[in-house]
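Right, one structure below, let's go through it.
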Amino acid sequence: MSRPIYVDLDATLIDSAVDRYGNVTKIVPRPGGPAFIEKLSRHGDLFLLTHAMRPHVANAFREIGPSVELFQGVISREDMASVIEQVEYLVGNQSLTDEERTMLYQEIPPLAPRGFIFDDQPIGSELYLIKSAAVGSRPRDWIQVKPFRRSNRDKDRELERAYQEYRRRMTGAHTVMAGRAWRVVG
């Protein structure tokens, strides 16, 4: 059986316009998103792994269209609450050494099986730490996708590039990346 595949929502599959109060006023699907979802679904069980809340996910799914039916499930911010709390503690606690952080991070129980993750966040970011802990993934499992913005939608070929990177890693042609970084970036 193949490993699960996790895909992020915001800046990976969609871009959202937000008003000054933080309310989403418009959701724009990324060009090529449905084809990307379809291709990935042929390689294993596909899940959405997002820091967004479930109502936003439902609105985004309506905009993306029928391809979202290929997702086997959704892991949202609500589902990851305990992981978020633990990672925030590890990142924010200045009294811990890097060795202690690493040991405690490795003790966070995953919510789902290890799999590949497609996300716009870089390795080392707090969202990377949260999501990779939530599904027990390693740096080699993380495929960073250039963030999608409405302004670059006409020439966006990033999802195809990410898919080809996934295929290279599945065939073992990719070299293993370095270990976890505890200095949170961005």
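Laboratory data are not the source of any read-out in this text; all were calculated from the coordinates shown. Quantities reported herein were computed from a predicted structural model and do not represent experimental measurements. Neighbour counts are summed over all protein chains in view; Cβ atoms, including those assigned to glycine, are modelled from backbone coordinates with ideal geometry.
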Under Karplus coefficients 6.51, -1.76 and 1.60, residue-wise ³J(HN,Hα) of region 124-132 in Hz, glycine/proline x
x, 6, 4, 5, 4, 4, 5, 5, 5
For region 36-85, what does the convex hull of the Cα positions come to per residue, in cubic angstrom?
74
At most 12 other Cβ atoms within 10 Å plus a DSSP loop assignment makes a site exposed; report the longest stretch of the chain without any exposed trypsin sites (Lys or Arg not before Pro).
43-148
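Note down the relative contact order for region 5-107 as a percent, whole number, built from C-alpha pairs under 8 angstrom at least six residues apart. It would help to have the intermediate numbers written out before the result.
Numbers: 113 pairs, mean separation 26.0, N = 103.
Relative contact order for region 5-107 comes out at 25 percent.
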Once the mean of 1/r over all distinct C-alpha pairs in the chain is inverted, the Kirkwood radius in Å reads 17.1
Based solely on its DSSP helices, what 222 nm [θ] is calculated for the chain when runs of n ≥ 4 H residues each add -39,500 (n - 2.57) and the sum is averaged over all residues, nearest 500 deg cm²/dmol?
-10000 deg cm²/dmol
Considering only DSSP beta bridges with both partners in the chain, what is the antiparallel share in %, to the nearest 5?
25
Placing +1 at every Lys and Arg Cβ and -1 at every Asp and Glu Cβ, with all other atoms neutral, what dipole size does region 55-136 have around its Cα centre, in debye to the nearest 20?
220
Take the Cα of Arg54, step 7 Å along the line toward its Cβ, and report every residue of region 10-32 whose backbone nitrogen sits under 19 Å from that point.
10
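About its Cα centre, how strong a charge dipole does region 5-170 have in debye, to the nearest 20, once Lys and Arg get +1 and Asp and Glu get -1 at the Cβ?
Details: 23 positive and 25 negative charges, 154 e Å.
Here the size comes out at about 740 debye.
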Whether region 1-105 is rounded, prolate or oblate, judged on the alpha carbon gyration tensor where a/c under 1.5 counts as rounded
oblate
Please name whichever of Ala11, Asn93, Pro113 sits farthest to the positive end of the charge dipole of the chain, dipole taken about the Cα centre and charges placed at Cβ: Lys and Arg +1, Asp and Glu -1.
Ala11
